[in-house]
Amino acid sequence: MDTFNKKKAIAYIFSGTGNTFAAGEMLKQSLSAYSIDLDLYKITNDRKNIPDPNDYDLAFFAYPIHAFNSPQFFLRFVKQIPALQPENAHMPAYIFKTSGEPFRPNNASSFSLCRILRKKGFDAASDMHMLMPYNIMFRYPKAMAKQMYIHTHHMADVLAKEVSEGDKEKLSFNPITVLWAYLLRLQWFGAWVNGPLIKAKPALCTSCGKCAKICPAGNIQMIQKNVNGEVKLLPKFHAKCTMCMNCTMNCPTGAINPGFLTPWKVNGAWDFEKLMADDSIPDNWTDNENARYFKLFRNYYRNN
Ligand SMILES: Cc1cc2nc3c(=O)[nH]c(=O)nc-3n(C[C@H](O)[C@H](O)[C@H](O)COP(=O)(O)O)c2cc1C
């Protein structure tokens with residue numbers, strides 16, 4: 001078993017609504033207990049100053065599962081990072097991914113990523129699936145969200161321990177699950193088509209420009225539009241959307257409707273610090289509201 005001291009690690013994180021980045025922060029904390037210093041790099045459309053993995057001892061790659069896949073935006077980014085120099089070949093690359101539920105089709109989401117990583121010279125060393133509250137479709141009850149957050153903290157500790165011990169998994173993916181994931185890449189196409197269909201309601205939009213600032217894909221531009229005879233600064237959405245839901249979820253006035261995903265719109269990010277500090281919210285499965293999800297999550301929590 002390999003143990004090491006004072007290692008430097010880099011985490012390349014794509015995070016739409018913040019869940020995956022929050023998991024990265026947990027991991028950073030967990031790794032510090034093993035003297036591994038983790039730099040968190042948030043992936044955006046800006047391709048300048050991408051950290052070179054050759055400057056590190058090990059690397060993490062993290063993304064939210066979108067339609068049972070790694071987002072195309074993320075895979076394109078990974079293709080652009082520098083390849084490993086021969087002396088660094090076989091550097092371990094640890095993948096962690098977040099999603100809203102533990103359905104089996106999520107399991108093959110990293111198959112393309114692993115292939116890209118191997119081409120870059122990495123050894124894909126693990127593929128950890130962490131659950132975080134959904135940012136689409138519906139809201140989990142607060143107690144459920146708390147339970148998920150606590151468990152992901154625990155998973156970060158497990159991953160940190162594995163990394164510190166130099167553990168590597170032999171990653172393989174079920175061909176049927178891979179096929180299913182391939183079919184659902186239709187979502188990539190959907191994201192481009194849907195991009196320009198996203199609209200901010202002029203009556204609700206305050207022209208604050210937050211959506212344009214936080215869009216990781218650089219898909220939003222603030223432009224002047226004529227609204228009922230008045231000129232107003234409004235966001236314009238282009239066709240580079242990754243469907244991460246950051247804009248719609250974090251709009252302070254809930255003004256943004258995400259095209260054909262509007263029926264699935266969820267507005268308002270989780271405040272995990274507040275959630276954790278609130279003792280009135282139970283943090284276990286005995287809560288009645290949580291119980292109805294128990295069946296769905298039972299196997300995941302039993303096995304992880
Ligand atoms: C377009 C889209 C597709 C999604 N598809 C899945 C999915 O197939 N399976 C799943 O469990 N969660 C799915 N989710 C939920 C996200 O994976 C989950 O909320 C994740 O934690 C978001 O991470 P982020 O905040 O870092 O973007 C989807 C979310 C979006 C926006």
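Some observations on this one:
- Checking each residue in region 180-238 for being at positive phi and open to solvent by 80 Å² or more (accessible area, probe 1.4 Å) picks out only 228.
- Residue that is within 12 Å of the ligand (Cβ to nearest atom) and either under 23 Å from the mean Cα position of the chain (by Cα) or not assigned by TED's automatic domain parsing to the domain that holds residue 146 (or both), where the choices are 258, 235: 258
- Matching residues in region 183-231 - criterion: being small (Gly, Ala, Ser) and either under 18 Å from residue 250 (Cα atoms) or part of a loop (DSSP other than H, G, I, E, B) (or both): 195, 200, 203, 207, 209, 212, 217, 218, 229
- Filter result (surrounded by fewer than 23 Cβ atoms within 10 Å (Cβ to Cβ), touching a helix residue (DSSP H, G or I) at 6+ places or on another chain (Cβ under 8 Å) and farther than 26 Å from residue 217 by Cβ) within region 10-34: 29, 30, 33, 34
- Extreme residue, farthest from residue 77 (Cα to Cα), among residues of region 35-57 that are of a type outside the set (Val, Ile, Thr) and open to solvent by less than 20 Å² (accessible area, probe 1.4 Å): 38
- Number of the exception - residue 124 against (1) open to solvent by less than 10 Å² (accessible area, probe 1.4 Å); (2) of a type in the set (A, V, I, L, M); (3) away from the ligand (no atom under 15 Å from the Cβ); (4) in a strand (DSSP E or B): (1)
- Applying the criterion of being under 30 Å from residue 35 (Cβ atoms) and in a loop (DSSP other than H, G, I, E, B) to the residues of region 54-69, the residue that is farthest from the ligand (Cβ to nearest atom) is 57.
- Given (1) surrounded by 20 or more Cβ atoms within 10 Å (Cβ to Cβ); (2) more than 16 Å from the ligand (Cβ to nearest atom); (3) part of a loop (DSSP other than H, G, I, E, B), index of the condition residue 93 fails: (3)
- Residue count for region 99-116 under the criterion of being assigned to a helix (DSSP H, G or I), out of contact with any helix residue (DSSP H, G or I) (no Cβ under 8 Å at 6 or more places or on another chain), touching a residue at least 24 places away in the same chain (Cβ under 8 Å) and away from the ligand (no atom under 11 Å from the Cβ): the result is 1.
- Of all the listed residues (283, 279), the sole one being of a type in the set (D, E, K, R) and either open to solvent by less than 90 Å² (accessible area, probe 1.4 Å) or not in a loop (DSSP other than H, G, I, E, B) (or both) is 283.
- Qualifying residue in region 195-211 (condition: over 24 Å from residue 8 (Cα atoms) and in the same structural domain as residue 70 (by TED's automatic domain parsing)): no
The values are calculated or read from the model by the stated rules, or taken from the named source; none is laboratory data. The structure presented is a predicted model; accordingly, all values stated were derived computationally and were not measured. Every residue, glycine among them, receives a Cβ derived from its backbone with ideal geometry; neighbour counts consider all protein chains shown. Note: accessible area is taken over every heavy atom of the protein model, side chains too, but ligands, DNA and RNA are not part of it. Shrake-Rupley method; radii C 1.70, N 1.55, O 1.52, S 1.80 Å.
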